[in-house]
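Visitor: Below you'll find the structure I mean.
Values in this text are rule-based calculations from the coordinates and carry no lab data. Just so it is clear, the model here is predicted, and its values are computed rather than measured. Quick reminder, even Gly has a Cβ in these numbers, built from the backbone with ideal geometry, and neighbours come from all protein chains shown.
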Amino acid sequence: MLNKVIVYIFTLTILITGCKDNSDNSGSENYKVNSWVKAEMDYWYYWNSKIPNAAFLNYESAPESFFQSLLYHEIDKWSYITNDYTELIAESAQKSASTPSGAIVRFIKFSNTPNQIFAVVLYIQKGSAAELAGVKRGMIIEKINGKTMNNENYYSTFYNNENPVTYTYTESISDIRSKTITINKTIFTESPIILDSVYSIGGKNIGYIHIGSYSYIDNFKQFVSESLNKLSSANISDLIIDLRYNGGGYLNSAQWLSSAVVSQANVNQKNLLVKLDYNSIVSPSISDTEKEKRFVNTDYNFSINKLIFITGELTASASELTIIGLKPYTNSITIGDYTAGKCFGSIPIYDENNPSTKNYGIQPIVFKYTNSTGFTDFINGLTPDILIKEDYANLYPLGSMSDPLLSAALNSLTTTTKKVIISNLLSNNITILPSPIPLKNTGLINEKPLFE
């Protein structure tokens, strides 16, 4: 029935190529597409029992509207539809060769310029055109190729296909001198590692690793192993894993990292990291082995006294899974902001052999995950033990002791941890904008087919 399935969380997602025969040639084009959408949703959708009765659905409506009419909006804010299924394939593939500028940004606007949107550089991907051009963390980008960003166009303007691309920017909020920098986009191999370091404080070595994504397993192990080898050689006693900008990635990569930092006893016992829960129709078709993600053998045997996760509002999915999955087995805390709150997984579904679907594809939520104690349903995000809201308009260098989040993490390893709130000094002056479309290149992916 199924040709190929890949689990992918961010989305935790499963790549499907047509699971049913939808070759009926009767009815309008919208009717055919919507009938296919409805059949797939009835089978896969986690909240399929909440789908309205067919008598209340308009099969002649635009597929985008029809899809929205099927959703359980009380909880589901992630499922979506596209009229180009190749987008779903590209998002699910997440291969390491990429051609963006390499500048990872957050969109904000200031109270004194409510109609203009700015892009603040959070970090620069290693080996990217942005790094080669000299783009730096904290730059505030005003224009793209001379075009000002506003509420309607900011996403499409920044993520355009033009090459080269010129940024007009200031170096900080207090800098009134606009400058320009031109980036010639080239293909580069993305590294999931943003930064790693070892801090010697109070007679002990503290490891720090900042991970930007859970890339596919070969790429992830290659780059992360280099960082873990460095930390292992330093004989670290405590570890800080920075996931503040990590929206997710492959499940087996998150599973591998979790296994690398947990005690060897938990690995030897193959203890449960997380369990995936599907609807009552799908669940019987998936084995317990595929539902239960357990610790696996790695080349590492750390002995970590305390594990600290740095989190933010962009921390999602596979990152959240790592945090809650390790919680029962480690002395761990979180520092930073509330996370995204994605305890659900979605799948991209398309049928390239069925012309009646008109290239449409859907990505509906199909499951949620729980840790070994049954913890889940954190839809409002994971609450940090130490709450610090990052000031996007006043960013400090990553890895620097002046970075409030890293500083708090290091301090917590030598002092008694308390629940505190550090307010944003500029929180009343800036507004953080959401992405107008579902997050791309995020997820938790398992390349092993669920069905043969």
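Visitor: Classify the stretch 114-174 from the C-alpha gyration tensor, please: rounded if a/c falls under 1.5, else prolate or oblate depending on whether a/b exceeds b/c.
Guide: Details: a/c = 2.02, a/b = 1.27, b/c = 1.58.
Judged from the Cα gyration tensor, the stretch 114-174 comes out oblate (a/c at least 1.5, b/c at or above a/b).
Visitor: Is the stretch 69-169 rounded, prolate or oblate when judged by the Cα gyration tensor, a ≥ b ≥ c being the square roots of its eigenvalues, rounded requiring a/c under 1.5 and prolate requiring a/b larger than b/c?
Guide: Values: a/c = 2.06, a/b = 1.27, b/c = 1.62.
In terms of gyration-tensor shape, oblate.
Visitor: Aspartates and glutamates within cross-link reach of K270: Cα-Cα under 13 Å, excluding same-chain residues under 8 positions apart?
Guide: The reachable aspartates and glutamates, counting only those whose Cα sits under 13 Å from K270, are E292.
Visitor: How do the peptides 242-254, 349-361 rank, highest first, by the average count of neighbouring beta carbon atoms within 10 Å per residue? Provide the component values of the computation, followed by the final result.
Guide: Numbers: 242-254: 28.1, 349-361: 19.1.
My ranking of the peptides, most packed first, is 242-254, 349-361.
Visitor: What ranking, highest mean first, results for peptides 322-334, 257-269, 225-237 when packing means the other Cβ atoms within 10 Å averaged over each residue? Could you put the intermediate results ahead of the total?
Guide: Details: 322-334: 20.6, 257-269: 18.3, 225-237: 16.5.
Sorting 322-334, 257-269, 225-237 by mean packing, highest first, produces 322-334, 257-269, 225-237.
Visitor: On to the next question. If contacts are Cα pairs under 8 angstrom and at least 6 residues apart, what is the relative contact order of the stretch 97-189 in percent? Working shown, then result.
Guide: On the way: 193 pairs, mean separation 28.9, N = 93.
That works out to 31 percent.
Visitor: When a footprinting reagent is the concern and you count Cβ atoms within 10 Å, what order do Y369, Y396, Y80 take, fewest first?
Guide: On the way: Y369 27, Y396 17, Y80 20.
The fewest-first ordering by Cβ neighbours comes to Y396, Y80, Y369.
Visitor: So what are the ³J(HN,Hα) numbers for the stretch 53-60, from phi and the Karplus equation (6.51, -1.76, 1.60; θ = phi - 60°), rounded to whole Hz, Gly and Pro as x?
Guide: 4, 4, 5, 9, 10, 9, 6, 8
Visitor: Counting pairs of alpha carbon atoms under 8 Å apart in space and at least six apart in sequence, what relative contact order in percent does the chain give?
Guide: Values: 1048 pairs, mean separation 108.5, N = 452.
Relative CO of the chain lands at 24 percent.
Visitor: Still on this structure, please answer the following. Sort the stretch 165-282 into rounded, prolate or oblate with this rule: let a ≥ b ≥ c be the square roots of the eigenvalues of the Cα gyration tensor; rounded if a/c is under 1.5, and if a/c is not under 1.5, prolate when a/b is larger than b/c, oblate otherwise. Write down the numbers at each step before the final one.
Guide: Values: a/c = 2.36, a/b = 1.42, b/c = 1.66.
Oblate is the answer for the stretch 165-282, as a/c is 1.5 or above yet b/c matches or exceeds a/b.
Visitor: Place a +1 charge on the Cβ of each Lys and Arg in the chain and a -1 charge on the Cβ of each Asp and Glu, then give the dipole magnitude about the Cα centre in debye, rounded to the nearest 20. Don't jump to the answer; show the numbers that get you there.
Guide: Numbers: 36 positive and 41 negative charges, 209 e Å.
My answer is approximately 1000 debye.
Visitor: Would you list which aspartates and glutamates come within 13 Å of K147, measuring only between C-alpha atoms, while excluding same-chain residues fewer than 8 positions from it?
Guide: E162
Visitor: When ranked by the protection proxy of mean other Cβ atoms within 10 Å per residue, highest first, what sequence do the peptides 207-217, 115-125, 311-321 form?
Guide: Values: 207-217: 24.6, 115-125: 21.4, 311-321: 28.5.
Ranked by mean Cβ neighbours within 10 Å, highest first: 311-321, 207-217, 115-125.
Visitor: Now for a different question. In a shell of Cβ-Cβ distance under 13 Å around Y123, excluding Y123 itself, what net charge do Lys and Arg (+1) and Asp and Glu (-1) give?
Guide: On the way: positive: R106, K126, K136, R137, R244; negative: E131, E190, D242, E390, D403.
Taking every other residue near Y123 into account, the sum is 0.
Visitor: Give the Cα extents of the chain along the principal axes, in whole Å, largest first.
Guide: On the principal axes, the chain reaches 72, 58, 38 Å in Cα extent.
Visitor: Here is a further query. So which of K126/K275; K179/K221; K221/K368 end up more than 30 Å apart by C-alpha? Intermediate values should be presented prior to the final figure.
Guide: Numbers: K126/K275 34 Å; K179/K221 39 Å; K221/K368 26 Å.
Table pairs above 30 Å Cα-Cα are K126/K275; K179/K221.
Visitor: Another question, if that's okay. State which entries of K185/K342; K77/K230; K185/K389; K230/K293; K136/K389; K291/K327 exceed 30 angstrom in Cα-Cα distance in the structure shown. Present the calculation step by step, with values, prior to reporting the outcome.
Guide: Values: K185/K342 32 Å; K77/K230 40 Å; K185/K389 32 Å; K230/K293 27 Å; K136/K389 21 Å; K291/K327 19 Å.
Check vs 30 Å cut-off fails for K185/K342; K77/K230; K185/K389.
Visitor: Looking at the chain, what % of its DSSP beta bridges pair antiparallel, to the nearest 5? Walk me through the numbers before you get to the answer.
Guide: Details: 52 of 76 bridges.
Given both bridge residues lie in the chain, the antiparallel proportion sits at roughly 70 percent.
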